[in-house]
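Heads up, the thing below is written out as structure tokens.
The values are calculated or read from the model by the stated rules, or taken from the named source; none is laboratory data. None of the values given here were measured: they were computed from a predicted structure. FYI the Cβ positions are ideal-geometry reconstructions off the backbone, even for glycines, and counts take in every protein chain you see. The accessibility values were calculated without ligands, DNA or RNA, using every heavy atom of the protein model including side chains. Shrake-Rupley method; radii C 1.70, N 1.55, O 1.52, S 1.80 Å.
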Amino acid sequence: MATMESQQVRVAEFAVDCPVGSVGVGSATMDAGVVRRGSFTVGIDASQESIRWALTVTQPE
């Protein structure tokens, strides 16, 4: 499960299926202004500690 919070408000949450032996991909798209000015946090809750993950955040100019 991936979650994103902006100023202590959850703005996104989605699950990613990761079948054994393959790559799982998930994403969330938000409208402008959903993530408030300032910092944000992202949390990953994986089913096993050995699962590797990566994150890309893209922001329009």
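Here are a few things to note about the model shown:
- So Arg36, is it at pLDDT below 90 and among the basic types (Lys, Arg): yes
- Selection within the stretch 1-20: residues that are free of Cβ contacts under 8 Å to residues at least 40 places away in the same chain and assigned to a loop (DSSP other than H, G, I, E, B). The member of this set that is most open to solvent (accessible area, probe 1.4 Å) is Gln8.
- A single member of Thr58, Thr41 is open to solvent by 70 Å² or more (accessible area, probe 1.4 Å) and in contact (Cβ under 8 Å) with a residue 12 or more places away in the chain, and it is Thr41.
- Of the residues Val34, Val23, the single one that is in a loop (DSSP other than H, G, I, E, B) and open to solvent by 80 Å² or more (accessible area, probe 1.4 Å) is Val23.
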